[in-house]
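Participant: Structure in structure tokens, see below.
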Amino acid sequence: MDGLESVSRSGWETYRAPEQRRAMDELARAYIRFLSDCKTEREAAAGAVAALEAAGFSEGFASGRAWKSLHGKAVFAARRGRRPLSEGVRLISAHTDSPRLDLKQRPLIEQAGVGQAKTHYYGGLRKYQWFARPLALHGVIVKTDGRVIPVRLGEDDSDPVFTVADLLPHLAHKDSSLKLSDAFDAEKLNVILGHEPVLKGEDGREAPKEPVRARMLELLHEAYSIREDDLISAELEAVPAGPARFVGLDRGIIGGYGQDDRICVYTALSAFLEAEDPEYTTCLIFWDKEEIGSDGSTGASSRFFEYCMEDMAAAWEPATAVRTIMMHTRALSGDVHAAVDPDWQDRHELKNAAFFGKGLAFCKFTGSRGKYGANDAHPEYLGWVRSVLDARNIPWQMAELGKVDVGGGGTVALFLAAYGMDVVDAGPALLGMHSPFELSSVPDLYAAKLAYRAFFEAE
Ligand code: MN
Ligand code: MN
């Protein structure tokens, strides 16, 4: 009999009609702009709020189109649906933060005539990937009077960029036999910031002991009116410089920094804005701190989401207990998956792996070594979710993150599951995840947006 076997479908095949290809390309171009503009949790949160405001959403729950933000890093948004909140909401989560190099609180050093900033890496990264590439500095510096000075340096053509120099091969013979974990020392991830020294004055004034460091302080003072102590209350993130780009002769791939998880932020937000008249109330929660364990007030283990749901219920349906809404809510944990790497296929179990171009990837469970730390979605829920996507002919696949006992990882799904709601991880699969240049598939981007929209509009 035909049609009995499970076959995952190609996004290229599904979206072969010229008008679909045009919509796909348009989405990819808009996404590339978002990715290029929003490289930090603050920039992603601000980008989301700007899009919400432009669509008529306002801060607080006075209207049926609402948003709330916490510390400019986490964002909640809701659109009131036709059904009462007591029947639950449709919620998609995603995270705004990505792995990067954070400047230390006392970053400035001078060694061998070179001025550098010491860093402490943020999230899980392969250290060697951060050497020998142009970096930009994004973030804020906060003065003692509360003024917040934004920094975004290294993106304009007229800006300088920064970098971590790598050791030349001629002097690295010894290192080539080291274990990877020993070969790259985190305390050597120092970002080059300067070279020019303060010179001995023509009036005979002595040059400072660390003249390059002194010059960097002068330049920072000129540009931002800051002193060295102001860097103590700063969040400066070294991220890959330059815009996201199409990759490949066919422009079928998008390359850029921070797609984990801004591809889900962008597609969920787009779907949320397009689903203008939903049956159920639709909600978004964009969290920060996912890459470092979801702790902190803007992370998923904080109470921010719960407080937003409480405020929403109080404003829109005060007679309904928040737990009732939570227990009836259906959620997607929007986070990226690992696509089968063409050169490292041995790390995947290919029958249960996500492939580039085969649509939105669901992950029933994350965790590792015996599903430890996983949400492990209920099959009743997976049955419903499948029906929602199949009804709109959207390509999707079901995948695990690598072979058993090889792969693993966590997402925020378990924080949502803690409220009793149904939730499953669902997001596009990337190549080179957590690298400075992550890759996503254009048809998968398109399928993700359509899938999230179908989820928001499902009855
Ligand atoms: Mn992620
Ligand atoms: Mn990640």
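A short reminder: the numbers here are calculations on the coordinates, not readings from a lab. All values reported here derive from a predicted model rather than from experimental measurement. With ideal geometry, Cβ positions are generated from the backbone for all residues, glycine too; neighbour counts draw on all protein chains shown.
Participant: Rg/Rh for segment 190-303 to two decimals, with Rh computed the Kirkwood way over all alpha-carbon pairs.
Facilitator: My calculation of the ratio gives 1.18.
Participant: Assign unit charges at the C-beta atoms only (+1 for Lys and Arg, -1 for Asp and Glu), then state the dipole size of segment 100-240 relative to its Cα centre in Debye, rounded to the nearest 20.
Facilitator: 520
Participant: Sticking with this one: Pull up all non-local amide H partners of G409: gap of 5 or more, or a different chain, and H-to-H distance under 5 Å with H placed in the peptide plane.
Facilitator: Under 5 Å from the amide H of G409 lie the amide H atoms of G367, S368, each far enough along the sequence or on another chain.
Participant: To the nearest Å, what is the center-to-center distance of segment 385-456 and segment 54-82, using C-alpha atoms only?
Facilitator: Result: 24 Å between the Cα centres.
Participant: Let me ask something else. Can you pull the Kirkwood radius for segment 345-459, inverse mean 1/r over Cα pairs, to one decimal in Å?
Facilitator: Its Kirkwood hydrodynamic radius stands at 14.7 Å.
Participant: Now for a different question. Can you bin segment 100-240 into rounded, prolate or oblate? Criterion: square roots of the alpha carbon gyration tensor eigenvalues sorted a ≥ b ≥ c, rounded for a/c under 1.5, prolate for a/b above b/c, oblate for the rest.
Facilitator: In terms of gyration-tensor shape, oblate.
Participant: So in the chain, what percent of DSSP beta bridges are antiparallel if you round to the nearest 5?
Facilitator: Within the chain, antiparallel bridges account for around 70 percent of the total.
Participant: For segment 233-248 and segment 163-187, write down the distance between their C-alpha centroids in whole Å.
Facilitator: After rounding, the separation between the Cα centres reads 24 Å.
Participant: By count of other Cβ within 10 Å, fewest leading, how are W384, W67 ordered?
Facilitator: Listing W384, W67 from fewest to most nearby Cβ atoms yields W384, W67.
Participant: If the viscosity is 1.002 mPa s and the temperature 20 °C, what Stokes-Einstein diffusion coefficient in µm²/s follows for the chain when Rh is the Kirkwood radius over Cα pairs?
Facilitator: The calculation lands on 91 µm²/s.
Participant: Ok, one more. Would you order C264, C38 from fewest to most other beta-carbon atoms within 10 Å of each residue's own beta-carbon?
Facilitator: Ordered by Cβ neighbours within 10 Å, fewest first: C38, C264.
Participant: Check which residues have an amide H placed less than 5 Å from V340's amide H, if you skip close sequence neighbours.
Facilitator: A354, F355, F356
Participant: Tell me, what HN-Hα J-couplings in whole Hz come from the Karplus equation 6.51 cos²θ - 1.76 cosθ + 1.60 at θ = phi - 60° for each residue of segment 109-119, using x for Gly and Pro?
Facilitator: After applying 6.51 cos²θ - 1.76 cosθ + 1.60, I find 9, 10, 9, 6, x, 10, x, 9, 10, 6, 10 Hz.
Participant: Taking the dipole about the Cα centre of the chain, with the C-beta of Lys and Arg at +1 and of Asp and Glu at -1, give me whichever of Y419, A268, L103 is farthest to the positive side.
Facilitator: Of the listed residues, the answer is Y419.
Participant: Short version: ³J(HN,Hα) in whole Hz for each residue of segment 235-241, in order, from phi by Karplus 6.51 cos²θ - 1.76 cosθ + 1.60 (θ = phi - 60°), x for Gly and Pro, what are they?
Facilitator: Listing the rounded values in order: 10, 10, 10, 8, 10, x, 7 Hz.
Participant: Taking neighbour Cβ counts within 10 Å as the exposure measure, how do T329, T411 sort from fewest upward?
Facilitator: Ranking T329, T411 by Cβ neighbours within 10 Å, fewest first, gives T329, T411.
Participant: Restricting everything to alpha-carbon atoms, can you work out Rg to Rh for segment 396-456 with a Kirkwood hydrodynamic radius?
Facilitator: 0.99
Participant: For D335, list long-range residues whose amide hydrogen, built 1.01 Å from N in the peptide plane, is under 5 Å from its own amide hydrogen.
Facilitator: Counting only residues 5 or more places away or on other chains, the set is A426, G427.
Participant: P(r) tail for segment 14-139, what percent of Cα pairs lie past 21 Å?
Facilitator: Here the long-distance tail beyond 21 Å is 61 percent of all Cα pairs in segment 14-139.
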